[in-house]
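For reference, the structure discussed in these notes is given below.
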Amino acid sequence: REYFNEFRSQKTEEERQRSIEEAKDLNGVNPLVCMGGATFSWACAGALWIFTQFLAQLFATHPLDTDIYFVQRLAQVFRNAVLGLSSLASGFFGVIGVGIFLLGLRVAYGVARGELDPTPIKKKAGEEVVIPDIWGLMMGQKPNRRGGRGSGNNPFGL
C-alpha cells in the first residue's frame, strides 16, 4: 500500500513537461518591474534592519527592574523573540531582493540578446483564472461537497 497518494500529482508526464517549459519561459517579464521589486524589497529589508537596531538599543537601555525570576526570564524570552523575528524578516526581504534583482538581470540580458520579449502576454478569454468560493466551501454552501446537507450519517444535521 502506498502512502500519501493524495499528494501525488495527477498530471501525465506530457502535462508535467509542458508545465515545466511554461515555468521556464521568461517572455512577458519586464526587467524594470523586477528592478523595482528588488528595490522595494531592499528598502523593506533596510527599514526592518533599522527597526531591529532601534529595538535592540531600546531593550538595552530600558532593562526590566524586577526581582521576580519568572518575569525576568519571560522578558528575556520576549526580547529575544522580537529581535529574532525582526532580524529574520529583514534577512528574508534582503535575500528575496537579491533573487528578484538577479531575475531582472537575466531577463534584461535575454532582452538585449533578442531571446526574450518583455511585452506582457495577453491571455485569451477562456484562460481566465477563476478563484473558487472558499468561504462558501468552509461554510457548507458548496452544493457538491461530500456528505451534503441533511445526509443521514451526520448527527449534527450538516
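Could you give me the residue pairs with C-beta distances under 6 Å whose first residue belongs to region 18-36 and is in a loop (DSSP other than H, G, I, E, B), whose second residue is at pLDDT 80 or above wherever it lies, and which are 6+ apart or on separate chains? Here the result reads Leu26/Val107; Leu26/Leu116; Asn27/Leu116; Asn27/Asp117; Val29/Val107; Asn30/Pro118, each pair linking region 18-36 to a residue that is at pLDDT 80 or above.
Residue-wise test of (1) β-branched (Val, Ile, Thr); (2) within 30 Å of Thr52 (Cβ to Cβ); (3) out of contact with any helix residue (DSSP H, G or I) (no Cβ under 9 Å at 6 or more places or on another chain).
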residue	(1), (2), (3)
Ser90	no, yes, no
Gly94	no, yes, no
Leu105	no, yes, no
Ala112	no, no, yes
Thr119	yes, no, yes
Val129	yes, no, yes
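List every residue pair whose Cβ atoms lie under 6 Å apart, where the two residues are 6 or more positions apart in sequence or sit on different chains, the first residue falls within region 59-70 and is more than 21 Å from Leu83 (Cα to Cα) and in a helix (DSSP H, G or I), and the second residue, located anywhere, is open to solvent by 90 Å² or more (accessible area, probe 1.4 Å) and acidic (Asp, Glu). Correct list of pairs: empty, since none qualify.
Report yes if some residue within region 71-89 is assigned to a loop (DSSP other than H, G, I, E, B), open to solvent by 90 Å² or more (accessible area, probe 1.4 Å) and out of contact with any strand residue (DSSP E or B) (no Cβ under 8 Å at 6 or more places or on another chain); otherwise report no. Looking through region 71-89, none of the residues is assigned to a loop (DSSP other than H, G, I, E, B), open to solvent by 90 Å² or more (accessible area, probe 1.4 Å) and out of contact with any strand residue (DSSP E or B) (no Cβ under 8 Å at 6 or more places or on another chain). Go through region 22-39 and give me each residue that's loosely packed, with under 14 Cβ neighbours inside 10 Å, modelled with pLDDT of 80 or more and either among the aliphatic types (A, V, I, L, M) or closer than 17 Å to Lys122 by Cβ (or both). If the condition is that a residue be loosely packed, with under 14 Cβ neighbours inside 10 Å, modelled with pLDDT of 80 or more and either among the aliphatic types (A, V, I, L, M) or closer than 17 Å to Lys122 by Cβ (or both), then Gly28, Leu32 are the ones that fit.
The values are calculated or read from the model by the stated rules, or taken from the named source; none is laboratory data. Note that the structure is predicted; figures quoted are calculated from it, not measured. Positions of Cβ are backbone-derived with ideal geometry, glycine not excepted, and every protein chain shown enters the neighbour counts. We work out accessible area using only protein heavy atoms, side chains counted, and drop any ligands, DNA or RNA first. Shrake-Rupley method; radii C 1.70, N 1.55, O 1.52, S 1.80 Å.
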